[in-house]
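What follows is calculated from the coordinates using simple rules that are stated; it is not laboratory data. As the structure is a computational prediction, the values presented were derived from the model and not from experiment. Neighbour counts run over all protein chains shown; Cβ positions are idealised from the backbone, glycine included.
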């Protein structure tokens, strides 16, 4: 029995050992800061395509377009009924509150085939109060070339809620005039892709960097053989690929899982002028400089004094204003930056003097003007 139990456990032990051996390179690569080519670049020509369409949402509970202010809704409804064989007299304008004119947009993913479904977003373009409970009627979705690539239809999922009283009071939660239809469009036409054309594929880096492009090329050549990859510029690497489409898919699968040490980001300080957010990159350094930052607080106090004459005097009681101005300047200490100061030391030095984000921006601007800040200062 012990021998049988050992035999039964042996495959599980071997499987666990194989799993550890397979995962060990992955953990090692993550520990070294290596990233997959898949996360650094995309395949040239493999992209989404935007689709857009115009349609009608029906079945609303009195929250549709006010047709007197949105005449295009009535026009669209008449045209649709005419195509279905229903004739509406030209002088009749139905006053409907359960119909809304909407725009539909969606992203057609690469390699999408006819019959597959995609999600769509439906947005009101009239004065409809809410699209909750509505159904989108069949609407063609067109691309930039004017061709129809998908047909949309379905019941809307609306995350917002709106309610209005007769006295004009109104409450709105989120945005009830926008909804989604999961799998609401069926692909009708395939978009031609250049993926299988030519004898190579092009990797386009998400962020242009000459160092990263060169390292990606070297890593691919080390893994797949010399001469396989060649950098074209700071954001593109051309890789020789098989001509057979099936082999090319397998080749790209291996290619995008190669791990690369990307180049370090340039030294930048990003300042958001609207929110006061300051982000300092890890490569930002400061040369030798001394900084003193203080703030001047001016307080103005106004009061009214009453001037009362003597009991037997002939004067009049008057009110005279009195203004007091006080200026206080905080005595913040001066701090010294040595050559090659790192980000951690910059933050600690600025925190010691109690500088706010706005004060930090002023200090960084002064350091840049003095030529001591080794980074780009970008205001967004």
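If each residue's Cβ is checked for other Cβ atoms within 10 Å, how do 256, 316 rank with the fewest at the top?
316, 256
In 10 Å bins starting at zero, report the fraction of Cα pairs in region 221-266 per bin as a rounded %.
22, 53, 22, 4, 0
How much length is gained if the chain between residue 206 and residue 267 is pulled fully straight, taking 0.36 nm per residue apart and subtracting their Cα-Cα distance, in nm to one decimal? Show your work: numbers first, answer last.
Numbers: separation 61, 0.36 × 61 = 21.96 nm, distance 1.82 nm.
Difference between extended and current length: 20.1 nm.
Per 0.36 nm of contour for each residue apart, how much would the distance between residue 84 and residue 256 grow if the chain were fully extended, relative to their Cα-Cα spacing?
Separation in residues times 0.36 nm, less the Cα-Cα distance, equals 56.8 nm.
Quick one: grab Rg to one decimal and Dmax as a whole number for region 49-187, Cα atoms only, in Å.
Expressed in Å, the Cα Rg and Dmax of region 49-187 come to 15.8, 53.
Can you sort 36, 207 from fewest to most other Cβ atoms within 10 Å of each residue's own Cβ?
If I rank by nearby Cβ atoms, fewest first, I get 207, 36.
Based on other C-beta atoms within 10 Å, arrange 139, 186, 277, 228 from fewest to most.
Taking fewest neighbouring Cβ atoms as first place, the list is 277, 186, 228, 139.
Work out, step by step, the length gained on full extension between residue 307 and residue 368: first 0.36 nm times the residue separation, then minus their alpha carbon distance; give nm to one decimal.
Answer, rounded to one decimal: 16.3 nm.
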